[in-house]
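Have a look at the structure below, then the notes.
Coordinate-derived values only; no laboratory data. Since we're looking at a predicted model, the values are computed, not measured. When we count neighbours, we look across all protein chains shown, and the Cβ atoms used for this are built from the backbone with ideal geometry, even at glycine.
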Amino acid sequence: MVKKNNSMFKENIITNNPILVQVLGICSTLAVTNSVKNTIVMCIGLIFTVSLSSFSLSIIRKLIPSKVRMIIEVLVISFWVIIVDLALKAYLPEISKQLGPYVGLIITNCIVMGRTEAFGLQNPPIPSFLDGLTSGLGYSIVLIFIAIIRELLGAGSIYGFKLLGSNWVSWNIMIMAPGAFFLLALIIWIVKGYFLPKIEKK
């Protein structure tokens with residue numbers, strides 16, 4: 001079991017990363033990564049949603065008729081997303097306003113749907129929870145890395161703290177969606193062209 005969990009951790013975070021390898025969930029990559037604070041909140045919301053959705057669906061998987069499988073998946077995912085949305089509105093109202101509709105769009109995030117469909121409905125609850133957790137972590141690591149670069153170059157700060165002096169000329173394109181697109185493409189090219197082949201040879 002430990003070996004299997006370690007393999008899952010390596011696969012979902014490195015060798016089969018949802019964003020870098022599967023190229024899933026990139027809408028939020030383009031939308032929210034101009035701010036590290038917003039990105040961290042979005043990542044926590046997605047980890048919470050994907051892990052508990054997979055866990056919940058795994059528990060009831062034998063009771064779900066195949067004809068309404070997708071409807072049940074969306075219903076369960078929607079429940080956990082609503083919990084996240086209500087928590088943000090109650091405790092982090094400013095961030096909730098800044099994220100706007102992107103929290104609700106977690107419902108249709110390909111990572112959440114993909115892991116619940118491919119793993120949660122096929123495996124016991126605990127492995128399903130861990131698969132969702134590690135997939136969410138893989139997603140989060142990439143998003144936070146992109147957010148750090150975008151906020152630093154686009155605003156001269158990280159997490160709202162000014163790091164670059166007044167002489168720094170902000171790269172406005174980095175706080176726009178095209179900046180995220182080009183940065184993500186560059187990272188995918190480097191990872192898939194250089195790092196992954198080395199890891200797979202080991």
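Annotations
- Extension gain from Asn167 to Val68, taking 0.36 nm per residue of separation minus the Cα-Cα distance: 29.8 nm
- Size of electric dipole in the range 67-173: Cβ of Lys, Arg +1 and of Asp, Glu -1, about Cα centre, debye, nearest 20: 100 debye
- Packing-based ranking of 167-179, 100-112, 129-141 yields 129-141, 100-112, 167-179, ordered from highest to lowest mean Cβ neighbour count within 10 Å.
- Phi angles across the range 156-163 convert, under the Karplus curve 6.51 cos²θ - 1.76 cosθ + 1.60 with θ = phi - 60°, into 3J(HN,Hα) values of x, 9, 9, 6, x, 8, 5, 10 Hz, Gly and Pro given as x.
- Under Karplus coefficients 6.51, -1.76 and 1.60, residue-wise ³J(HN,Hα) of the range 166-174 in Hz, glycine/proline x: 5, 6, 5, 9, 5, 8, 4, 5, 6
- Amide hydrogen proximity for Ile158: with H placed 1.01 Å from N in the peptide plane, the residues at 5 or more positions away or on another chain lying under 5 Å are Leu163.
- Our coupling estimate for the range 67-84, obtained by passing each phi through the Karplus curve with A = 6.51, B = -1.76, C = 1.60 and θ = phi - 60°, is 5, 10, 4, 5, 5, 5, 4, 4, 5, 5, 4, 4, 4, 5, 5, 4, 4, 4 Hz, Gly and Pro reported as x.
- With all projection directions averaged, the alpha carbon convex hull of the range 22-201 covers 12.0 nm².
- Ordering Gly120, Leu153, Leu99 by the projection of their Cα atoms onto the charge dipole of the chain, which places +1 on the Cβ of Lys and Arg and -1 on the Cβ of Asp and Glu, puts Gly120 at the extreme positive end.
- Legend: distances between Cα atoms for Lys162/Lys192; Lys62/Lys89; Lys37/Lys162; Lys10/Lys37; pairs beyond 23 Å are Lys162/Lys192; Lys62/Lys89; Lys10/Lys37.
- Sequence-distant contacts, meaning Cα pairs under 8 Å at least 6 residues apart, place the relative contact order of the chain at 34 percent.
- Length-normalised contact order of the range 101-192 in % [C-alpha pairs under 8 Å, at least 6 apart]: 17 percent
- Degrees between helix 125-155 axis and first principal axis of the chain (Cα, 0 to 90, nearest 10): 10 degrees
- With a Förster radius of 22 Å applied to the C-beta separation of Ile148 and Trp189, the computed FRET efficiency comes to 0.70.
- Charge dipole (debye, nearest 20) of the range 22-201; +1 at Cβ of Lys and Arg, -1 at Cβ of Asp and Glu: 180 debye
- Proximal aspartates and glutamates to Lys97, defined as alpha-carbon separation beneath 13 angstrom and excluding residues fewer than eight positions away on the same chain: Asp85
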